[in-house]
Amino acid sequence: MRTKTNAAFLAFSWLGIAVGSLAILDTARAEDFRVENAVYVGSEKEPRVESTTIFCSGVVYDYLKSPAEITVFDRGNHRFILLDVTRRVKTEVPTDKVSSLCQHLKTWATGQKDPLLAFLANPRFNEAFDPATGKLTLSSETVTYDLATMNVENSEISQEYREFSDWYCQLNTLLNPGSRPPFARMAVNAALDRHQRFPEQVDLALRLSGFPAKRLTIRSEHQLIRRLVESDRGRIAQTDQYLAIFTPAPLDEYQKKILQ
């Protein structure tokens, strides 16, 4: 999902990034794969968000269709790198900053009177999984996830996907002030990893506070491609070039540029 930064939270200054500085982790173990993503709100027929996520040699490259932004998850160096393709600038966000802010958010949300916020700080779901159909449900009074899943057979794929998904939803929380805390989705990720499943479709239903109570539904669709093709590797090579030549910027300056 599209990440938006805000200087009210944190502003960082970063050094430049060389092409060879991405940490390539355990390449003999990792399996390269790609995921095509689309997100729909309510009954809309056209996706609000479309992206492609490539997992290659321990590094994850997420390509947002519109606006043109690339997020690189360099877990070996404990950081995200954001690339604004249009303006040719880049910035870094260390993962320890991401987790620190989310823990502060958890503490704050726990004490809120809004039942949805309080739940999202410490989610407790009723979980049901049918291995015959792959249907996974995590339900509560305020938040329910219904998932259509597939067996990935390879536990490394589910583990890699969970790790990236956990960090990415936390990153979005940092970069999007006012967004939902990430802990409910992280509970879903844990359930998927526990059952070694991949989410082909995720239907989220939120019961919003107010009178009368409102209901928000969001659907995401994910297609797993188990092998990278030449165009995927070409895209990664181009991203490596961007990492070398794009102008580094502090996070707040980067966000100002991308919102212009």
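The values are calculated or read from the model by the stated rules, or taken from the named source; none is laboratory data. Since the structure is predicted, the reported quantities are computational estimates derived from the model, not experimental observations. Glycine also receives a Cβ, built like all others from the backbone with ideal geometry; neighbour counts cover every protein chain displayed.
One line per residue, one yes/no per condition, for (1) under 29 Å from T217 (Cα atoms); (2) touching a Lys or Arg at 6+ places or on another chain (Cβ under 7 Å); (3) modelled with pLDDT under 90:
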position	(1), (2), (3)
R2	yes, no, yes
A23	no, no, yes
R29	no, no, yes
E44	yes, no, no
S57	no, no, no
K65	yes, no, no
I81	no, yes, no
V93	no, yes, no
V98	yes, no, no
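Just to be sure I understand the filter: pairs with C-beta atoms under 8 Å, separated by 6 or more residues or on different chains, first member in region 219-239 and under 25 Å from R48 (Cβ atoms), second member outside any helix (DSSP H, G or I) and among the basic types (K, R). Which pairs pass?
Close Cβ pairs satisfying both conditions: L224/R34; I225/R34; D232/R34.
Being assigned to a helix (DSSP H, G or I) and surrounded by fewer than 19 Cβ atoms within 10 Å (Cβ to Cβ) is the filter here, so list the residues in region 173-186 that pass it.
The one that is assigned to a helix (DSSP H, G or I) and surrounded by fewer than 19 Cβ atoms within 10 Å (Cβ to Cβ): M186.
Take the conditions touching a strand residue (DSSP E or B) at 6+ places or on another chain (Cβ under 7 Å), farther than 27 Å from A205 by Cβ and either part of a loop (DSSP other than H, G, I, E, B) or of a type outside the set (F, W, Y) (or both) and apply them to T137. Does it pass?
no
Residues in region 168-182 that are more than 10 Å from the chain's Cα centre (by Cα) and either β-branched (V, I, T) or modelled with pLDDT of 95 or more (or both): how many?
0
Quick check on E50: is it acidic (D, E) and either touching a Lys or Arg at 6+ places or on another chain (Cβ under 6 Å) or in a strand (DSSP E or B) (or both)?
Criteria met by E50.
Would you mind telling me which numbered condition in (1) outside any helix (DSSP H, G or I); (2) within 14 Å of the chain's Cα centre (by Cα); (3) at pLDDT below 95 L206 fails?
Failed condition: (2).
What number of residues in region 28-83 are within 22 Å of E200 (Cβ to Cβ) and of a type in the set (D, E, K, R)?
Summing the residues that are within 22 Å of E200 (Cβ to Cβ) and of a type in the set (D, E, K, R) in region 28-83 gives 11.
Given the criterion small (G, A, S), under 16 Å from the mean Cα position of the chain (by Cα) and over 24 Å from D74 (Cα atoms), identify the matching residue among S220, S165.
S220
Conditions (1) part of a strand (DSSP E or B); (2) at pLDDT 90 or above; (3) surrounded by 15 or more Cβ atoms within 10 Å (Cβ to Cβ), marked per residue:
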position: P212; (1), (2), (3): no, no, no
position: R227; (1), (2), (3): no, yes, no
position: S231; (1), (2), (3): no, yes, no
position: G234; (1), (2), (3): no, yes, no
position: T239; (1), (2), (3): no, yes, yes
position: A244; (1), (2), (3): no, yes, no
position: K256; (1), (2), (3): no, no, no
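Tally up the residues in region 133-182 that are more than 22 Å from V35 (Cα to Cα) and not β-branched (V, I, T), please.
The qualifying residues number 12.
Would you say R124 is over 26 Å from R194 (Cβ atoms), without any contact (Cβ under 8 Å) to a residue 24 or more places away in the chain and touching a Ser or Thr at 6+ places or on another chain (Cβ under 8 Å)?
The answer is no for R124.
Could you list all residues from region 110-126 that are surrounded by 15 or more Cβ atoms within 10 Å (Cβ to Cβ) and at pLDDT 90 or above?
Matches in region 110-126: F119, L120, A121, P123, F125.
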